[in-house]
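Heads up, the thing below is written out as structure tokens.
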Amino acid sequence: MSQIKDLNEYFYEMERIELNSGRIIYMTWLQQGRTYGNQIEGLPTFRGIPPEEPWLLESNGERYLLVDRAPIPLPISDKQKEQFLKRNPRLAKSEYPFCSEAPVSCRAHFESKPTANPGEDIWTSGLTMEWRQEKFAMPIEPRVLDKIKALDWDALAKDEISP
């Protein structure tokens, strides 16, 4: 293990992201699970319209930013594609044939300072984000990380009391 400068670096730097604006945000928690659960019946296909940009959602009193759910090509052979098309010819006419959401769903909360309450040390600005990626755990995949870095934090995050 390399030498650290201080304990802040040890405990917080591993989850640090510098946004394109220069603001630093820190991941405070991360949850991951299988996008399609434990059992897939048939071929998972992408349905719906992928958001062109991050999408702010509110549900059951919870507020989060859907950063990425873009369709990704399924890693299947041409022979497998032919077999699926024979069983389901409508698939070829769909907008995203042989694409699905990535198999891992991630939800994480990020915090940053300063806030609109700079005199109060207990305040941070926070934002929960959700995205899909192809593998579990860190790092965040580059296509998703680029979208996170491009966010307008001040417009999206809310001031909150840090736990």
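The values are calculated or read from the model by the stated rules, or taken from the named source; none is laboratory data. Nothing here was measured: the structure is a model prediction, and the numbers come from that model. Using ideal geometry, Cβ is built from the backbone for each residue, glycine included, and neighbour counts are taken over all protein chains shown.
For the range 89-143, a tally of residues being over 18 Å from Ile24 (Cβ atoms), β-branched (Val, Ile, Thr) and not in a loop (DSSP other than H, G, I, E, B) returns 1. When the range 61-83 is filtered for residues that are out of contact with any strand residue (DSSP E or B) (no Cβ under 6 Å at 6 or more places or on another chain), under 29 Å from Glu111 (Cα atoms) and in a loop (DSSP other than H, G, I, E, B), the ones remaining, listed by number, are Gly61, Ala70. In the range 96-127, of all residues being surrounded by fewer than 16 Cβ atoms within 10 Å (Cβ to Cβ) and of a type outside the set (D, E, K, R), the one that is modelled with the highest pLDDT corresponds to Pro114. Being acidic (Asp, Glu) and buried (at least 17 other Cβ atoms within 10 Å of the Cβ), is that true of even one residue in the range 73-87? No, the conditions are met nowhere in the range 73-87.
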